[in-house]
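Here the structure is laid out as C-alpha cells; the discussion comes afterwards.
The values are calculated or read from the model by the stated rules, or taken from the named source; none is laboratory data. None of these values were measured; they are calculated from a predicted model. No Cβ is skipped: glycine too gets one built from the backbone with ideal geometry, and neighbour counts run over all protein chains shown. Ligands, DNA and RNA are excluded from the accessible area calculation, which covers all protein heavy atoms including side chains. Shrake-Rupley method; radii C 1.70, N 1.55, O 1.52, S 1.80 Å.
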Amino acid sequence: MTLPADATTREAGSTAPGGFRRFIVERSRDSSLGLLAILLLLAVILSFVSPYFLTATNLLNIGRGIAIVGIVAVGETIVIIAGGFDLSVGSTMAAAGMAAAWLIGLGIPLPVAFAAAIAIGIAVGLANGAIISYGRINPLIATLATLAIVRGLSYVISGGRELVVSDPAFQAFGVGSVAGIPYIVILLVATFALFAWLMPRTRFGRYAYAIGSSAKAAQRAGVPVKQWRIAYYVTSGALAALAGLVFVARTGNAQPSAALGIELDVITAVILGGTSLSGGRGRIWGTFVGLLLLGVVNNGLILAGVPAFWQQVVKGVILLLAVLYDEIRRNRAEEA
Amino acid sequence: MIAGSLGSGRTALLVLTGVLSGTTLGTALAEDAAFTARPQGGIQGALLPSERSLWTYDAASGKYVVVDGDASAQYVPNLRKPSKPLTFAFAEGWAAIPFSVSINQGIYKIANDLGINIIYCDQEFKPEKAVTCAEQLSQQKPDFAIVSNWQSGAAEAIMKIYDEARIPVANIDVWHPNGIFFGADNYASGQIGGRAAGEYAKALGKCDGITIFNGINPGEGDAAAQRMAGFTDGVQEICGAVPAERIAEEILDAGTTEQALTKMTDWLTAHPEASFVVATSIDDARAAGIAKALAQNGRDGAAVGLGCDEIGVAATKAGEPGDTRFLGCVAYFPEKYPDYLMSIGLDVLDGKPVPNEVHIEHVFLDKDTIASVYP
Amino acid sequence: MATPLLELRGISKSFGPVTALDRVDLDIGAAEAIGLIGDNGAGKSTLVKILSGLYPPTAGTMRFDGREVRFGSPSDARNAGIEMIYQDLALCGDLDVAANVFLGRERRRRYGPFTFLDRPGMEKAARQVMRELGTDLEPGRIVGALSGGQRQLVAVARALQFEPRLMLLDEPTAALSTEKIRVLMGLIEQLKARGVSILMISHRFTDILHVCDRVVVVRQGQIAGEVAPHAQAPDKTMALMHALMTGDTLGAVA
C-alpha cells in the first residue's frame, strides 16, 4: 500500500498555486521591512526639518548615541528569542565599568582590566542562567533580583563614589575614530554583524530559536536546554559588560548608578525590531533597525528643537505608531 | 591664581579633589561657640572671591585665557540685544526637575526678548546622554553653550567636545574644565542653612543631643558635597561641636522626595536615639522627603531645603516647622540664573572679561520671610 | 518465528505504593506493528516511557535485538534505535521543516576550531526524506504554519532520519481528522515496508488499529490479552477489544 495520493497532494497543494505568496507570508513574519520603511520616511522628513540631520557628523553622532544600548540589545535579543528575559543588563554595565575603572586606576594594563570587566559580565550571566535553569525561577524575577544585587554590590564596593578614568588609551577607545568612523560605532556594527551571522549558522543560534519556540520540544529532541540557556545569559552578561566599558570610555567616568533604567531602552529596541516577547521569533538585524529608529527619533527631536516634555510625548507616539503599523502589516500578511 | 593653570590635560579627579587651604568664610561667627568652621578654599566651583580671576575666550585655541583685573566683585548681569544674530545652545540638566524647568523657561524668554536663537538638548541626568547632547549641539555650531551637567565625572568628556568645536561654555552648579562656573555658592549656601537650623535648635534648647543628618550623593560631585559640609559646619557654629557619631549621612541618589522619605524612615528606624535631628540634602525635593520622614516617625527637629524651588517654597509655606519639620529653604534663585547665564554669554562673545566663577548670593527663607520673595 | 526485536520480561514499575505496571511480558517482532490500547491509567503510557528511556523499570528485563539493554535516558533509547513520536509531536513551531527534522542532531561542518551548521546538507536530506514519504513539503516552510497532517509528516520524518528499528507513537490520531488518519495509516504501512517495528498507543478503538498486526490490551498494569484485527470481522474485533479492556472475559471467549 502506498500513501493515499489525493491526501498528500491536497497537503502539498497549498504550496503549489499560492506557493510564492505563502513564502512571502512566512518571511514577512520576521522581517523588519515595515520598520525600515518608517525609518526612511522619518529620515526624509527630518532632512527637511533640519539641515544638520543628513550630515556625516550627525549620522556618526547617531551611531555614537546608540552604541551602548545597541551592544546590550544584541545580547537581549538572543535571550528573548530563547524565551528568556534579562533585566540585569544595566547593573552589569555599571559593575563591569566600575571594575575596569578601578583596575585601570591601579595601573593594571588595559587588556587585563577589560578581561576582568567581561569576566564580571560572564559571572552575572552564569548566575542568571543557573538560577533560571536549575532554580526554575521566572527569568523576570530572577534577573530583577540580580539587577538589585549587582547594583547594590557596586554601591557597597565603591561607597557610592564615581571613578574618573584618565587613561588616554581608554579614552581614545571612547572618543577616537579610524577613517572618520568612531571606534565605538565600528564595535557596534561588528557586534551586530557577528551575531546576525552566527544566529542562523550555528547551534548556538538555532537552539535559541528552538528553546524559545518550545523548550519542551527541544528537550525531547535531545537539546541540553539548561546548558544552552546559561550560554545565552552569559552572552547577554558579557555584551552588557562590553557596553559598560564603552560607557566608561565615552563618559570618562564610572559610577555605580550608571545606566540606571537602560534596560527599558534596550527592550524597546528589541521589541521594535520585531522580536517576539514570547520567544522563538526575532532577528538580530531587526533589533538593529529598531535601534536605529530609536536613535533617529532621539536625534531628530533634538535637532528639530522640540521641547523636552513634548519630546517624550512625541517619542512615545512614534514608537506606538511604528509598532501598530508593523502589527497591522503582519496581520494583513498572515491573512493574505 | 589657580585658574590660570587649568589646562585640559589635568584630570577632573585631580582638580575636583582640590586642596583644603586658605581662609574661612565663617570667621565672624567663630566666637559664638567652641567650633570653628573648616576653612574652605581652592575648590573649583567654590572658589573664594579672592581666588577668582577674569577670563576672556580665545576662539583660535578654544580656551579661556586669564586677563588682568579684579574678579572678586559680585557679577552684575547686563542683558542687551546682540549686534548680530546669535545662537546659544542649552544643554539642560534634566527637564523633569522643577529647578531645571525655571531655568529653562527663563532662558527661552530672554532669548525671545533679545532675538537670540536657542538650540536645546535634555541631558536627563545621565552621563551618556550628556555626551550625546554635547555632540549633537556642537555640530550645529552655536556661538555659545550653556551646559547644565550635574554628572561631574563626565565633565571632561563633555568639555572636550565643545572645546574641539571652539564653542565657549558656561556651566551651571558643577565645575567643568575650561568652562565659566556659574551657580550656587555650595558651601556658603549650606552654611547659611546650617546656621538657621542651629538657631532653631538653640531656641528650643535642643543643641545638646542634636543629630545632624545629610542626604548625600557622591555621584553629584565634590562641589555638591560642599553644601552638606557647609550645613554641618553652620549647625556647629551655633550649637557648638557635635560628636562625630551624631553626624550621619545616607546616599539619596534618586533626587526624589519619595526615595528620601523611604530611606530616611529606614534610617530613623535604625536610630531610635536620634530624637532631635537637623537635616539637609542636595536639593529641596530630598529635604522635603527627610522632613516628611521626621514628621511621620514623630521625631523632633527640622530639615532645611537647598534651592527654594517649587517644592522648597511649598514645603516652607506648608505650616509651622514644629508640624511640618521643614524649617525653610536657602534660596538659589533659579529664576535669576537665566539673566546671569545669558549675560555671561553676551559678555564672552563681546570679548568682555568675565570672572571664571560667578556665584549667586544666597538667602535663607522661612515661613515668615518667603512670601516677600516668592509670593 | 525469528528472535523478536524487543523482548520484555516481567517489567514492573511502581511509583511509591502505586503499581503502574505489573510483570508485563511483551514481544515485538521486526517490521511488526502493534497497537497498545487500554483505559486512561491502565499503564500504556508508563510502558512507552520505559521503552523510550524516560523511566527506568522497577523490575524486569528488556532485550533489544537479542541483547539486554538498560536505558538511563531518552538518548540511550534513541542510540539503540528506538524513536518516539509524542502525542503533541514535540515540534518547534517557529523553526522550519529541516530544522525540526534535525533538531538536537544537526549536521555540522568543521572549519578549524569552529563548527557551523551544514544547512544545505540538512535541507537536501530533509527534502529527500519528505520525498520518500511521498510529499514535496518544502524544507524551508515554517512548521507553525503547517496543517496537522503536515506536522505529523515532519515528526515522522524526524524519527525516520535516524533509521530507527522501533518507532513509538503516542496517541498519533488524537488531533487528526478522519482524512488525516488515512494519511497516517499510509505512513505506518510505509514504515513497516521499510522494516521498522511500530508500537502505537491509543485509548480509543480507531480505524488506525487495522494497520496493526496485533492489538495488545493493557488493564490495571497488566497485559489483559491481545487481538489480531484481521482474524475476524471488524465488529467482532471491536467487541473482543472492548471485552479485554473492561475485563468482561466471558464476552471475549464467546
Output the number of residues of the range B:45-71 satisfying the condition of being hydroxyl-bearing (S, T, Y), in contact (Cβ under 8 Å) with a residue 24 or more places away in the chain and in a loop (DSSP other than H, G, I, E, B). 1
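Rundown of residues vs (1) more than 9 Å from chain A (Cβ to nearest Cβ); (2) more than 12 Å from A:I302 (Cα to Cα), yes/no style:
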| position | (1), (2) |
| --- | --- |
| B:C121 | no, no |
| B:E135 | no, no |
| B:N149 | yes, yes |
| B:A154 | no, yes |
Is there a residue in the range B:133-154 that is under 15 Å from the mean Cα position of the chain (by Cα) and of a type in the set (D, E)? no
Scan the range C:23-36 residue by residue and report those that are touching a helix residue (DSSP H, G or I) at 6+ places or on another chain (Cβ under 9 Å) and assigned to a loop (DSSP other than H, G, I, E, B). C:A31, C:E32
Return a yes/no flag: does the range B:79-87 have any residue that is polar (S, T, N, Q), over 21 Å from B:N171 (Cα atoms), out of contact with any strand residue (DSSP E or B) (no Cβ under 6 Å at 6 or more places or on another chain) and at pLDDT below 85. no
I'd like the residue in the range C:89-134 that is among the charged types (D, E, K, R) and in a strand (DSSP E or B) and, out of all such residues, is farthest from the other protein chains (Cβ to nearest Cβ). C:R110
Within the range C:240-249, the count of residues that are farther than 15 Å from C:H203 by Cα and either among the acidic types (D, E) or open to solvent by 50 Å² or more (accessible area, probe 1.4 Å) (or both) comes to 2
For the list (1) closer than 30 Å to A:I157 by Cα; (2) outside any helix (DSSP H, G or I); (3) away from chain B (no Cβ under 14 Å); (4) not polar (S, T, N, Q), I need the number of the one condition that A:I267 fails. (2)
In the range A:62-83, how many residues are within 17 Å of A:L140 (Cβ to Cβ) and either among the small types (G, A, S) or facing chain B (nearest Cβ under 9 Å) (or both)? 3
Residue satisfying condition, being surrounded by fewer than 24 Cβ atoms within 10 Å (Cβ to Cβ) and at pLDDT 90 or above, within set B:I216, B:I158: B:I216
Which pairs turn up if I take residues in the range B:203-222 that are closer than 14 Å to B:I238 by Cα and look for partners that are among the aromatic types (F, W, Y) and part of a helix (DSSP H, G or I) with beta carbon separation below 8 Å, at least 6 apart in sequence or on another chain? B:I212/B:F231
Which one is farthest from A:G121 (Cα to Cα) among residues in the range A:147-195 that are within 9 Å of chain B (Cβ to nearest Cβ) and in a helix (DSSP H, G or I)? A:V175
Test for A:R201: is it within 14 Å of chain C (Cβ to nearest Cβ), more than 18 Å from A:S236 (Cβ to Cβ), part of a loop (DSSP other than H, G, I, E, B) and without any contact (Cβ under 8 Å) to a residue 24 or more places away in the chain: yes
From the options C:D76, C:D39, residue that is charged (D, E, K, R), surrounded by 14 or more Cβ atoms within 10 Å (Cβ to Cβ), assigned to a helix (DSSP H, G or I) and modelled with pLDDT under 90: C:D76
